[in-house]
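> Handing you a structure now.
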Amino acid sequence: MKKFFINTYGCQMNVHESEKLAGILFRRGYERAQSNEDADIILLNTCCIRETAETRILGNLGMIKKIKEKRPDVIVGICGCMPQKPGNAEMLKKRCPFIDIIFGTFNMYKLDEYLDAAENHEKISEIWDKEDKTDDAPIRRDGDIKAFVNIMYGCDNFCSYCIVPYVRGRERSRNFDDIVSEVCSLVRDGYKEITLLGQNVNSYKGGAPEFSHLLRALTTFDGEYRIKFMTSHPKDFTIDVAEAMASSDKIADFIHLPVQSGSDRVLKAMNRRYTSEDYLNKIEMIRSYIPSVGISTDIMVGFPGETEDDYKDTEKLVEKVRFDNIYTFIYSRRSGTVADKMPNQIDLSVKKGRIKRLIDLQFEISDELAEKCVGKTYRVLCDSWNNGIASGKSSCDKTISFQSERNCYGEFLNVKVVKTKKNKLIGELE
Ligand code: SF4
């Protein structure tokens, strides 16, 4: 029996797309290999959002070339958003002629057809396919209690630093009834945490007046489970969504709301279409509906032209919001984006200095927030258990470790936080 190995790079969207590729390969009768070395089919499901990801993928292709030299019958395929970046498919064909199949995110449902051709020693390079039938692909999920569900694809926002609208296309929402029926089946099959995925879930328009209607429809099934979603754009996050979240325990009290910068000048240059005040008002609105909400964000430092004062505005915003978690990034140039052509690109040493200061600041905040959790009880979904040590996430996305003699993996439990250890929460079963 033939074996496959999928190398996945990038975000949860790509992780889920790899589950769809795996679904097609299992349907073909193939089984999973443990590594590239013992696979007959090697796929690289790529991401080109950051330059570092692209560099890493090219490095890994060097290692895969050696496998192909030793075993010429191995089929190598590359897909995802990297080949869809203009010029990249040609570059890959030239630099890596050993690749058998090059395809994009729109036509992954054709993998069967491509493998038939590659087994006949044909080379395939097919990037755009407007049919976009990825939802028809069978899915082989990686987990048994957590699942991803796509609700939309693409993005219309054109933030000046971002390549996504160019490689993933314009926004397309999935049909409302299809999503409801997929989530219903997952709940029936025992999944406890379902994350709705989209580049900008708050602009969902697949047959419902707005995203909040979809959220409400997904809370109507029997049993205990949680709906999460990501990613939200601050300009599109509405009161209706906050109300829907507050109205049901089945929607997690957690929002990932990328702010990117606290400087209005930088936000304008990024084309984010909100000010720091708009963002702070939105946070206040969300907290008024869901006082216990957990909020995380993305922050990029060193955007072209970012001055020390701009950076300090970001620090001020972080101090005001007191995020539960921040994901920090150093701005890196992406050819094909507006920001790549902007003057005043910032020196790497300055960017590194700023990101370190920001991480240190957040560390202090996280420390204080963790202390405030001591004595509180959270409803935790246990997602790991090993020899009596368990851990899981609360509805507001706090990770809590606790002891349990019994294997409680996949169960919802009440856990009281009793102490902290370097920002980590330690609890006891109630
Ligand atoms: S909202 Fe902006 S950063 Fe997010 S995917 Fe769309 S263009 Fe990129």
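> Just for the chain, what percent of DSSP beta bridges are antiparallel, to the closest 5?
Details: 24 of 66 bridges.
The answer is about 35 percent antiparallel.
> If all Cα-Cα distances of region 40-192 are sorted into 5 Å bins from 0 onward, what percent lands in each bin, rounded to whole numbers?
2, 8, 16, 18, 17, 16, 12, 7, 3, 0
> About its Cα centre, what dipole magnitude does the chain give when the only charges are +1 on Lys and Arg Cβ and -1 on Asp and Glu Cβ, stated in debye to the nearest 20?
Using only the charged Cβ atoms, the result is roughly 920 debye.
> Can you work out D for region 132-248 in µm² s⁻¹ from Stokes-Einstein, where Rh is the Kirkwood radius over C-alpha pairs, the temperature is 4 °C and the viscosity is 1.567 mPa s?
On the way: Rh = 14.9 Å.
Here the translational diffusion coefficient equals 87 µm²/s.
> Dividing the alpha-carbon radius of gyration of region 37-99 by 2.2 N^0.38 Å (N being the number of residues), what value is obtained?
On the way: Rg = 11.4 Å, N = 63, 2.2 N^0.38 = 10.6 Å.
Output field value: 1.08.
> Which percent, to the nearest 5, of DSSP beta bridges fully inside region 141-372 are antiparallel?
Values: 2 of 23 bridges.
Looking only at bridges with both residues in region 141-372, the antiparallel portion is about 10 percent.
> Let me ask something else about it. What's the extension gain from GLU319 to LEU58 if we count 0.36 nm per residue and subtract their Cα-Cα distance? Show your work: numbers first, answer last.
Values: separation 261, 0.36 × 261 = 93.96 nm, distance 3.90 nm.
So the extension gain works out to 90.1 nm.
> While we're here: Shape call for region 3-126 from the C-alpha gyration tensor, a ≥ b ≥ c root eigenvalues: rounded (a/c under 1.5), prolate (a/b greater than b/c) or oblate?
Numbers: a/c = 1.31, a/b = 1.14, b/c = 1.15.
Here region 3-126 falls in the rounded category.
> Still on this structure: Which of ILE99, ASN157, GLY206 sits closest to the plus end of the dipole of the chain, meaning its Cα is farthest towards the positive end, when Lys and Arg get +1 and Asp and Glu get -1 on the C-beta?
Comparing the listed Cα positions along the dipole, ILE99 ranks first.
> Okay, next question. Under 15 Å from the Cα of LYS70, which aspartates and glutamates turn up, not counting those fewer than eight places away in the same chain?
Partners found: GLU37, ASP38, ASP40.
> Tell me which of PRO343, SER288, THR307 sits at the most positive position along the dipole axis of region 264-363, charges placed on C-beta atoms (Lys, Arg +1; Asp, Glu -1).
Positive-most Cα among the choices belongs to PRO343.
> Taking a cut-off of 19 Å, what percent of all Cα-Cα pairs in region 186-339 are separated by more than that? Walk me through the numbers before you get to the answer.
Working: 6663 of 11781 pairs.
Of all Cα-Cα distances in region 186-339, 57 percent exceed 19 Å.
> Average the reciprocal distances over every distinct pair of alpha-carbons in the chain, invert the result, and give the Kirkwood radius in Å.
Values: mean 1/r = 0.0430 Å⁻¹.
It is 23.2 Å.
> Placing +1 at every Lys and Arg Cβ and -1 at every Asp and Glu Cβ, with all other atoms neutral, what dipole size does region 3-126 have around its Cα centre, in debye to the nearest 20?
Values: 18 positive and 18 negative charges, 77 e Å.
Roughly 380 debye for region 3-126.
> Okay, next question. Is it possible to state the helix-based mean residue ellipticity at 222 nm for the chain, with each DSSP H run of 4+ residues giving -39500 (n - 2.57), the sum divided by total residues, to the nearest 500 deg cm²/dmol? What is it? Write down the numbers at each step before the final one.
Working: 12 runs with 147 residues, N = 430.
The helix-only estimate for the chain comes to -10500 deg cm²/dmol at 222 nm.
> Could you work out which residue, out of ASN386, ASN271, ASN120, moves most in a Gaussian network model of the chain, that is, has the largest mean-square fluctuation with Cα springs under 10 Å?
Comparing ASN386, ASN271, ASN120 in the GNM, the peak value goes to ASN120.
> Charges only on Cβ, +1 for Lys and Arg, -1 for Asp and Glu: so what's the dipole of region 141-372 about the Cα centre, in debye to the nearest 20?
Details: 33 positive and 37 negative charges, 155 e Å.
Roughly 740 debye, rounded to the nearest 20.
> On to the next question. Quick one: give the max-minus-min coordinate of the C-alpha atoms of region 374-429 along each principal axis, largest first, in Å.
So the extents along the principal axes, rounded to whole Å, are 24, 20, 15.
> Let me ask another. Determine which lysines satisfy two conditions relative to LYS268: a Cα distance under 27 Å, and not lying fewer than 8 residues away in the same chain.
LYS85, LYS205, LYS235, LYS282, LYS312, LYS316, LYS320, LYS341, LYS351, LYS352, LYS356
> Now for a separate question. As I understand it, the dipole of the chain uses +1 on the Cβ of Lys and Arg and -1 on the Cβ of Asp and Glu, about the Cα centre. Which of GLY223, ILE255, TYR331 lies farthest toward its positive end?
TYR331
Throughout, read-outs are computed from the coordinates displayed, never taken from laboratory work. Everything quoted here is computed from the prediction, not taken from an experiment. Neighbour counts are summed over all protein chains in view; Cβ atoms, including those assigned to glycine, are modelled from backbone coordinates with ideal geometry.
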